1. Calculate, for the stretch 138-252, the solvent-accessible area per residue in square angstrom, rolling a 1.4 angstrom probe over the heavy atoms of the protein chains.
2. So how far, in whole Å, is the C-alpha centre of the stretch 210-241 from the one of the stretch 139-205?
3. Which pairs break 26 Å Cα to Cα here: K390/K441; K390/K487; K87/K582?
4. Could you report the stretch 321-376's accessible area per residue, 1.4 Å probe, as an integer in Å²?
5. State which entries of K79/K591; K38/K66; K127/K207; K79/K640; K617/K641 exceed 30 angstrom in Cα-Cα distance in the structure shown.
6. Determine how large the accessible area of S228 is when every protein chain is in place; take a 1.4 Å probe and give Å² rounded to the nearest 10.
7. With a 10 Å radius around each residue's Cβ, average the other Cβ atoms per peptide and rank 351-361, 177-187, 276-286, highest first.
8. If we sort 80-89, 293-302 on the protection proxy, mean other Cβ atoms within 10 Å, highest first, what's the order?
Amino acid sequence: GLEIDDPAEIAEAYFGLGTGYLSSFDYENALRYLNMAKSNYEFLGNIPRCCGVLRTLSDCYSRLNKQVQSLECKGQSDKLEDELRHKISTINFKLDDLRDRLVATTAAEMENVVPIERSSLQMLRMKEEMNELNDKLEESMKAIAVQREVVHSVEQILDAIQQEMQLAADSDEPEMLSALVHDQPQVVEIEELKTRLVARSAIEGAKLKQEQEALRLLNVQESNLHDSLNELDQQMQLEEGVLASRSRVTRPFRCAALCAANAAGNEVTGTGSGGVEQWVAADGADVHFVDYHNGQLCGVIPGGKSRDSKTLQLESEAARGHDGVVTCLLHDAGAIYSGSSDEKIICWDFATHKALYCMTGHEGAIVSLASNSSYVASSSADLTVRLWTKHTALVGDDSRVGQQVRVVYGHVKSVLSLQIGESWMLTGAADFEVRVWTLQKSGKHSVSVECTHRLQGHECPITCVRYGTLEVLSGDMKGRIFIWWMKTATILRQCQVHSAPVKCIQFDSVHIVSGGADSTVCITDIATGEKLQTLIGHGPGPILALAFDAERIVSVGVDNTMRYWQWGRRVPPKDKFHLLDKGESLLTLSKLYSVSVDTLMRWNGISDMRHCHVGMKLIVRKGDPSKPTDAEKFAAEQEKKRLLEDVAANNRLNSRRDNAQVDAGTGQALLAKYNRVHKMATDIDFFSLNNRMFKQEKRQVELFPDRGDPNRNPHALSARLQRSKKQIAALSSPNASKSSLVDRYYISADNEDDWREVAEQLAMTMLSLLVEYEAYAVVMEQKRVLRSTISIIGRINRYATQKEKDREKDEKDKSGGEVGPDQLEVVQEEEEQEEDPGVYVQGEVDDVDRSASEPLPHGRGEGD
């Protein structure tokens, strides 16, 4: 031990010595060194080795035939192993959670799916017209309601005039009070009143006709509005017919553009300050404006072929739109740029949807558009990149609006993607090259462009490029994304992300979010190049545009849907299940998933392994070890209920014991007198006098005593038979007054006969009740009890009969008369009863001892 300084090595040495002594059957030294090893491992906190020592100690104690110590060591070992297993599973769970947070907060599930409304310009115009008609109809209905009230008021005035004219004609008075001539009630002569009422009636009649005509016109206007709405509704139904709607829905958008200013403001839906809540898409030569939130079509800019020929002759070249298919779009917040196969670029005002100016000069279809604060960059199939003055040039010189300031050559094939900044421009072409250009203003309306880097490494056409401060990203036709380091122009990462061409890219310092022609959105770690997640949901076809902020990802696909993917919403870990197959058992699953059988039974609520069956769904791994399963929750609830029931049962038992002590103290005198009688009682009636009087004593001697309490009723006979402690103290007082009313409720020497009659009446009443409500067998049993010499009722009945016989015999002895036939039978019956001494057991009732040969208790005093 002195040569070793490391505590871990010392513990291992003790363990080795103990194991060696155990193998050589030296159990005393084995126990000594194993206990020392156990102490050292516990001090070091090495639980696995401590479990090994405990198992070895259990084996040693078992060989010494010390089963208690062996089981104790085995139990400690199992407990430590379970704790260690639980800690490991918890650590693994936390590591998985931390890894998910560290790698990136990934979007785990779809937040919302917004269907995009596909409609035509004619349909939008009809909707606007219908809204206007509905507003007019609502105003017309309000005007009709007001006009009806006016007509009704005029009619009421005319009715009042007619009634007053009738009163004036029938009146004999020279004057009459009227409120229709002047504004206030006034007394007017009858003749003058008639004249004025006639004039007023003519005026109101003419007014009524005018108001009725106005009401008729309003009704006609309302009817015309209803007809216009019905006609417009029919046109809308034709426009939204099955064939027309199917042709629009099945025709996908060719390109789409989301507002770059929204993503820059960290709110892709445009609800932040300076944002725009609409994005644009192209269908043929038409440009559609779509709402971010509900996918509603907000406007359509038709192409030249969609316009009327007369209108085209009056409009300028820019105002009449594109003649060819729109191939690319640029959403620049306040303005929309569209490039078409007709070699034109048109700038549209976002608010009014009117054309501002047209840029011409390319000799091929426009492929890509980009902009900065001063210029608009465009690439075309003519292998050139051109720079144009932006719409901000309207401030100042109108002649410079949309003018071409530079033509950039360099690529030998079409430039498929570009991006422009204040001092740089990035291009990717079908010649497999990515080029980085620098921009520098050389005059008021001129700019110089120079290529600084040529990034070569792609083996196919480049479909999209994105510029960063230190790196450049490029995607190609094979679905790969290249990460270039700007300082050295070398490839940092080459990531195979999609199985089809990459259509759009956005990235930050942590993530790369890309959309491909394989209808998926992929999230890639920019540091490692590892694809973190593939978001699947769009229908077949390419992803046209995407953007993301700190909360969500927005993607637009050709399936006419816009999908929102929530950042940071991970699916919570779920429990792992196993379907029990033929030949499998809980022991098999415990070995397969490294879980103890007891744990499996606890997780699944299994009390007996024999209850397992083929096809049973069992939890073999919990998603969150800190949360109980449903079976564990149910078991905990049942255990809680059981504990509550045990507490309630103990409370009831204690209450009964207290009541028993009180009852025993109160009726101690009565119980002492009828001790033997109540022990021999077998009365089956729970509410009988016997059971009521000797309830507590019977519970102490019976194996299955009754648990009910008939004394709960204060008016019951048993409750009346027992004096309370207060009554006993009052009666024992020297100044207490004797009351016959109180004494008659308790058994004493003075009322023994009265209580005998009460017992007989009670027995007969019970019999009558049983006859009325119970079966015949019960009635016969009660009759048998009445004749029995064992039950209290039978003994009382027998005692009453014997008393009657004694009285008759005494009278016969006193009279000294002859014995008749009836008396002879009585005497013979008495002799038979004398031969059976068990019939009259009154010695236990009386305090006077009598011999067994004495058949009757003669000479008893009235107080016995």
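1. On the way: 8020 Å² over 115 residues.
Accessible area per residue: 70 Å².
2. When both Cα centres are located, 37 Å separates them.
3. K390/K487; K87/K582
4. Numbers: 1690 Å² over 56 residues.
I get 30 Å² per residue for this part.
5. On the way: K79/K591 18 Å; K38/K66 19 Å; K127/K207 40 Å; K79/K640 24 Å; K617/K641 27 Å.
Check vs 30 Å cut-off fails for K127/K207.
6. Accessible surface of S228 is approximately 50 Å².
7. Details: 351-361: 15.6, 177-187: 12.5, 276-286: 21.9.
Per-residue Cβ counts within 10 Å, averaged per peptide and sorted highest first, yield 276-286, 351-361, 177-187.
8. Values: 80-89: 13.9, 293-302: 16.9.
Top to bottom by mean Cβ count within 10 Å: 293-302, 80-89.
The values are calculated or read from the model by the stated rules, or taken from the named source; none is laboratory data. Only a predicted model underlies this, so the values are computations on that prediction, with no experimental measurement involved. Every residue, glycine as well, gets a Cβ built from its backbone with ideal geometry; the counts of neighbours run over all protein chains shown. The accessibility values were calculated without ligands, DNA or RNA, using every heavy atom of the protein model including side chains. Shrake-Rupley method; radii C 1.70, N 1.55, O 1.52, S 1.80 Å.
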